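Encoded as structure tokens, the structure appears first; notes follow it.
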Amino acid sequence: MFGPEQGHFALALACVLALVQFAVPLWGASRRDARLVGLAPYLAVSQLIALGYSFLCLVMCAVSDDFSVQNVAANSAVSKPLLYKITGVWGNHEGSVLLWTLILAVCGGAVSLFGRNLPDILRGRVLAILGGVSAGFQMFCLLTSDPFDRVFPAPMDGQGMNPLLQDPGLAFHPPILYTGYVGFAVPFAFAVAALIEGRVDAAWGRWVRPWAVAAWCFLTCGIALGSWWSYYVLGWGGYWFWDPVENASLIPWLTGTALVHSAIVVEKREGLKIWTVLLAIATFSFSLSGTFLVRSGILNSVHAFANDPARGVFILALLAIVIGGSLALFAWRAPSLTSTGLFSPVSREGSLVLNNILLCSICAVVVTGTMYPPFMQLLAGRTISVGKPFFDAATIPLTLPLLLAMGVGTALPWKRAQLARTFSHLYAAAGIAAVGLVLCFWKLSGILPIACGALAVWVIAASVSDVLRRIGIGHTSAQGVWERMKNLPRSSWGAALAHIGAGITILGLCGMSQAEHAIVEVHIGETRSLAGDDWTLLDVHDYIGPNYKAMQADIAIRHNGKLVTILHPEKRDFTTQSQTTTEVAIHTNFITDLYGVVGDRHGTGKDTTYVLRLHRNPLAPWMWLGGLIMAIGGAFSLSDRRMRIGAPKRAAARNMARA
């Protein structure tokens with residue numbers, strides 16, 4: 001019932017349904033045939049059911065140890081725990097592509113379910129675009145990356161999973177990250193549908209914004225989880241190091257953040273229409289480009305899946321159709337999307353425009369730094385490296401005015417602002433930021449970390465100050481404050497939380513810029529000092545794990561003679577995969593991480609020494625805490641009924657009449 005043949009045929013059926021979903025509603029919309037357009041939601045749900053069944057078949061093959069399936073044989077083993085048998089389904093190229101298509105189908109099903117207030121013509125076109133993209137990826141899956149390929153004769157046991165991926169974080173990171181990537185397909189589909197129709201208005205902005213916010217929340221969580229995973233699993237000791245594949249997820253996050261903000265202007269003022277449509281196209285295009293880069297082998301990284309030119313050529317062709325076609329349509333139809341909302345440069349709209357310019361400038365820097373080395377290798381045969389020094393030097397100067405604008409923008413009114421009145425709302429936040437600047441001078445070194453830290457405090461203080469002003473603290477009675485709190489839109493609370501989370505993340509990054517580390521080689525019983533702490537290697541012992549041999553060190557950390565903690569880092573040798581991994585040991589008080597890694601063993605007997613890597617990472621947990629708060633802020637905004645309904649019914653009816 002859940003065998004590989006059934007899964008393969010279900011995938012083929014889903015591909016056919018996706019092609020029909022693409023063609024029939026577009027044909028119906030062009031002919032204004034309500035019956036053909038009305039088939040779109042049913043086709044989207046049918047495609048989702050077929051893909052869900054196909055994915056379930058692959059999971060059952062992995063759980064039942066069906067090693068006649070090449071994907072299972074290459075990525076699983078009898079001794080592998082059940083959790084990792086399931087997560088291993090998407091811990092490889094073929095399974096991850098199938099998961100990608102399933103999430104895209106879920107997005108189509110969600111539009112069918114939650115888009116009932118949309119005009120039928122618009123919903124049909126949106127679902128058609130989603131069906132076309134889904135069909136492309138399903139053909140990619142069937143033709144070059146079939147997860148149900150058979151192997152004969154079937155081995156008695158599988159090769160096992162990459163030991164680096166045998167971690168609970170893998171159960172959450174890829175699905176969440178992919179949901180963020182794929183979620184931006186919905187704003188993309190709305191943008192293409194709007195270009196076909198030749199109309200973008202406030203209702204369109206209100207329909208697009210919830211989908212953009214939802215995708216942004218998932219992508220934020222996915223990036224944060226991926227960064228945390230590389231911190232505590234890979235043993236880098238840092239949080240990012242501007243890894244090329246991680247950059248591939250940061251790029252759509254930057255343009256997606258700009259999209260979320262510009263959609264507000266479309267909804268509130270019917271401005272920035274052309275720019276918002278372009279951002280919707282660009283964000284999903286960057287998501288697809290990231291997929292191409294990871295799976296084509298162009299980017300070399302611990303995160304990259306494979307180096308397969310055939311797969312790369314197929315995705316490149318898909319990119320040419322999706323991105324090239326949408327940009328050609330944009331060039332043709334964009335001039336008709338005139339903005340009707342006028343506003344002063346000094347206004348909430350003006351601050352959002354500045355926000356967009358700076359975010360896209362940072363994105364351009366990241367794209368350039370990430371893609372320049374592989375293109376130079378391709379064109380000139382030269383191998384060059386672009387790393388952390390370049391990215392830090394190029395992005396931080398752009399981040400400083402962005403943080404400044406984030407704080408000021410919260411106090412600006414729509415359309416036109418009076419500077420004197422605006423600044424009067426920011427005196428308290430400016431005072432707190434001044435105190436933060438003094439603290440940063442005391443705790444941080446380097447002008448850029450100090451400036452970033454002070455401006456991060458400014459963003460947090462301005463966000464809190466804006467909420468306090470809105471609920472009338474200091475200007476009304478306690479009962480009045482309570483009533484205003486209840487009536488304050490959840491989207492306002494969510495925006496404040498997201499900005500506070502951004503400030504906390506920036507503070508974490510500033511703290512990590514002051515991290516101290518040392519690589520030492522010591523005997524058992526020896527002590528080394530780092531940042532005022534004494535690190536003593538107490539003992540090293542070997543033990544046998546379920547499918548590995550491990551060397552575990554016991555490291556005592558004392559401060560002023562008082563024991564702080566004992567770390568137990570490990571080095572593991574997986575014999576089946578012939579791979580060695582490190583198990584990092586971390587002690588945190590949420591202000592500072594004490595981080596230890598054990599390396600090679602040298603010598604024998606009493607002369608045996610061990611290599612240790614020791615880190616003291618200030619404010620490290622704040623980076624991921626800030627990302628979580630940002631995502632919670634976005635989710636809180638989504639809980640606002642005004643965003644959930646997408647658009648008033650009367651607006652939907654009016655647009656349907658115009659269609």
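The values are calculated or read from the model by the stated rules, or taken from the named source; none is laboratory data. Keep in mind that what you see is a predicted model, and the values were worked out from it rather than measured. Positions of Cβ are generated from backbone atoms using ideal geometry, with glycine treated the same way; all protein chains shown enter the neighbour counts.
A few remarks follow.
- When the test is whether a residue is in the same structural domain as residue 127 (by TED's automatic domain parsing) and over 32 Å from the mean Cα position of the chain (by Cα), residue 34 passes it.
- Boolean, residue 29 is aliphatic (A, V, I, L, M), out of contact with any helix residue (DSSP H, G or I) (no Cβ under 6 Å at 6 or more places or on another chain), assigned by TED's automatic domain parsing to the domain that holds residue 112 and assigned to a helix (DSSP H, G or I): no
- Candidates in the stretch 94-146 are the residues that are of a type outside the set (S, T, N, Q) and touching an Asp or Glu at 6+ places or on another chain (Cβ under 8 Å); of these, the one that is surrounded by the fewest Cβ atoms within 10 Å (Cβ to Cβ) is 146.
- Only listed residue being under 26 Å from the mean Cα position of the chain (by Cα), in the same structural domain as residue 258 (by TED's automatic domain parsing) and among the acidic types (Asp, Glu), chosen from 167, 201: 167
- Residue count, the stretch 118-159 (criterion: in a helix (DSSP H, G or I) and either among the hydrophobic types (A, V, I, L, M, F, W, C) or within 28 Å of the chain's Cα centre (by Cα) (or both)): 23
- Restricting attention to the stretch 603-637, the residues that are touching a strand residue (DSSP E or B) at 6+ places or on another chain (Cβ under 7 Å) and under 17 Å from residue 444 (Cβ atoms) add up to 4.
- Among the residues making up the stretch 27-44, those that are out of contact with any Pro (no Cβ under 6 Å at 6 or more places or on another chain) and either buried (at least 22 other Cβ atoms within 10 Å of the Cβ) or under 16 Å from residue 138 (Cβ atoms) (or both) are 28, 29, 41, 43, 44.
- Test for residue 410: is it modelled with pLDDT of 90 or more, under 15 Å from residue 354 (Cβ atoms) and of a type in the set (S, T, N, Q): no
- Any hit, the stretch 52-60, residues being part of a helix (DSSP H, G or I), under 16 Å from residue 122 (Cα atoms) and of a type in the set (A, V, I, L, M, F, W, C): no
- Flag if residue 190 is within 30 Å of residue 76 (Cβ to Cβ) and among the hydrophobic types (A, V, I, L, M, F, W, C): no
- Checking each residue of the stretch 327-335 against the condition of being under 27 Å from the mean Cα position of the chain (by Cα), at pLDDT 80 or above, among the aromatic types (Phe, Trp, Tyr) and surrounded by fewer than 18 Cβ atoms within 10 Å (Cβ to Cβ) gives no match.
- Close contacts from the stretch 404-430, counting a first residue that is at positive phi and a second that is of a type in the set (A, V, I, L, M, F, W, C), with Cβ to Cβ under 6 Å and a gap of 6+ residues or different chains, come to 415/343.
- Taking the stretch 418-476 as the range and being polar (S, T, N, Q) and either surrounded by 15 or more Cβ atoms within 10 Å (Cβ to Cβ) or within 28 Å of residue 344 (Cβ to Cβ) (or both) as the test, the residues that pass are 418, 422, 424, 463, 465.
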